[in-house]
1. Please specify each residue of the stretch 23-35 satisfying the condition of being over 51 Å from the mean Cα position of the chain (by Cα) and either closer than 25 Å to Ala100 by Cβ or not assigned by TED's automatic domain parsing to the domain that holds Val6 (or both).
2. With respect to Asn309, determine if the residue is modelled with pLDDT of 85 or more and over 14 Å from the mean Cα position of the chain (by Cα).
3. Just wondering, is there one or more residues in the stretch 205-217 that are exposed (fewer than 15 other Cβ atoms within 10 Å of the Cβ) and assigned to a helix (DSSP H, G or I)?
4. State all residues of the stretch 173-203 that are hydroxyl-bearing (Ser, Thr, Tyr) and closer than 26 Å to Arg322 by Cα; if no residue qualifies, say none.
5. If we scan the stretch 275-285, do we find a residue that is modelled with pLDDT under 80, surrounded by fewer than 16 Cβ atoms within 10 Å (Cβ to Cβ) and not hydroxyl-bearing (Ser, Thr, Tyr)?
Amino acid sequence: MRLINVKSGRLEEFHSDIPSYAILSHTWGQDHEEISFHDMQQQEGSIQRRVGNKLDGLCRQAKSDGYSHVWIDTCCIDKSNSVELGEAINSMFRWYKESAICYVYLADVSGHNGEIDLDQFHRSRWFTRGWTLQELLAPRSLRFFDNKWYPLGEKFELAGAIGSITGIPHGILIGFDDLSNASVAQRMSWAAKRVTKRKEDLAYCLLGIFDVMMPMIYGEEEHAFIRLQEEIIKKTADDSVLAWGMSFGLNDGGENQNTDINLFGNALATSPADFMHSGQIVAMENKSSTIEGLETARGCLSLRLCLSNTKTGHAVGILNCRLMNRTDAAVGIPLFCITPGAVPREYIRPAGTKALLCVPPSEVSLAPRPIRLRALLPSNKAALSHCKYGFHVAQWAKLLETDLDIVATYSDGQWNEDRAVLSTVMDIRYDAARRSWWKVRQKTGELKDFIFALELRVQQMEVRASCHLMVASRDTALDIIARTAADSDGFLGSNIASSDSLTLELKLFQDSPNSKLYMTTLGALAKAPQPMHIGVDADRELNILAHTKLLLEFLAKSWPVSLKLAEFKRPLKGKKQAQDLHLLDLLSEKEAIQFEISLEFNSVQELIADLQLSDIPSTDNIPNIVRRAFIRAVTVGHIAAMEYLWDFLEADVTVEDSEGRGALSLAVATDNIPPRTVSLSHSGPARAPCSP
């Protein structure tokens, strides 16, 4: 930082330990009237006295107040060095803020023995210049002087007059309120009527007021102000940066906006003048910013906005800011969707539309949705990518005079009813669809209304037109159908519809293949198709979607319950699987035993059958087949058969053959005594006497 020594008149450069200094705020005169950095170097530090020399008076006043150094922008900055100039502009607010005192020299105000002429004071050029705004706000102490260096008063003493001139709140002027407490829109409004010699300086003079820094690029003109707002968005969570172009009074949600769509709009303001009527806009209490980020490469703002749809089919984005004296109404900005099929959807703020104060309707209570808000397209790119298309409804007036009345419209373009022409602009770079809707009613009877839509769709940079016709009940609102059809194709695809005995047909054609104007006819068929062609019934489609929505909501609510049940069932399922495996093992063992028994039983059955056929007449008189088989087994000495049949006899061997011989007698006689039988016979009590 360079300072002028008030005693030597020389420039001194400081990098640290900067001495206490007085700083000058003034309006520049003609170049030959100002002392430059080059003049100071050529004169080797001596003060060049010229007519109305401000530097002489500045040094005199500073010396009188006890300051050894002063700073003035005309000669303390080497403006021929672009790097130094950029650093100085980014540091200027801080230099004024850190000064011991700021002297304001009003070259066009003449005092009368220290008395202030308020008329001259109000008309002073100093209040119209861009750079002097930060010079008014930054210093801790500020004193006004007239053109003869007579003091006019301190800032806090003149705060009432200054506030009426600038619109700056009294609390900020006297230092009670911090500058950062004012919204972005408020601070911009203070600069709305100010001017600078170069367009870029309208942005650069506000850097310190918003506590941002950015490089100086002279030659970019209005784009400098766009860059300023982008830097503010990166640093500040304040929706009011979008609340420019305010209209007066309370609006009903954008119904009175111009319906002509101009796609060359901009998300951001191009000048502080756009904030002329935004001085009373403040942030909503306990609300977060809707601005989530800036997509520099795409030239879009990422927002999360509540959207209110108007009856004309346009949208109003509800910002988290309001008027200072209105807590019931929010600031809204007009939006137009240019990519209906995209996620998130992209919108523009059409040129010429105004921000408005609106009471948020009930649908704004829905969750904010993510959108992109596109910035300004360069005019040459816009001309290449944006094309005007239109529809002309032939014999429109004749049709309305005889049979039908228009009861509602919902347009994505500009509808001229006198000419029966719908015009709109399509951006062929993005796949999108635009539809305009009409609801017409038969003049007699209480029949269903006809609804027709004209559609333009961009797909792979090719524009296609189509038309759709349907019926709906008189109570069904057209805007509900139009908004619902944006997400469902069930309403589209038919160009014939019938309501009772009247059947209408909607046709579309072009005069030439390359024409951007499509001819449309809507007329009654002379003979209704057989069977009667009903076409699309919008009420039915709405009911289907409503039931689908309820089903999806039910599934969404039941899904967490299903997950919980699955968690509960998981350990039970594991236990059941273990039980099943154990049971399978048991069943395997049982089946193996049963198989073995089956084999043994089959072999014994065969044996018994053989014994039954044995020629032993003495056993024929035994009625019990088991006892008879056992006696025969004893007679022939079949040990296995005796072992097996013994269990069935339960150790009861009192049976005798026809000759009076018992089992034991036969065994002894034939020497066929089974070991198990003898053991049991000797271990247990005797059941019957045995004959030798």
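1. Across the stretch 23-35, the qualifying residues are Glu34, Ile35.
2. no
3. No, the stretch 205-217 has no match at all.
4. Residues satisfying the conditions are Ser180, Ser183, Ser189.
5. Within the stretch 275-285, one or more residues are modelled with pLDDT under 80, surrounded by fewer than 16 Cβ atoms within 10 Å (Cβ to Cβ) and not hydroxyl-bearing (Ser, Thr, Tyr).
This table checks each residue for (1) in contact (Cβ under 8 Å) with a residue 24 or more places away in the chain; (2) closer than 17 Å to His277 by Cβ.
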{"position": "Gly171", "(1), (2)": "no, no"}
{"position": "Phe176", "(1), (2)": "no, no"}
{"position": "Ser180", "(1), (2)": "yes, no"}
{"position": "Arg187", "(1), (2)": "no, yes"}
{"position": "Ala191", "(1), (2)": "yes, yes"}
{"position": "Arg194", "(1), (2)": "yes, yes"}
{"position": "Arg198", "(1), (2)": "no, no"}
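The values are calculated or read from the model by the stated rules, or taken from the named source; none is laboratory data. What you see is a predicted model; the values in this text were computed from it and never measured. Cβ: placed from backbone, ideal geometry, glycine included. Neighbour counts: every protein chain shown.
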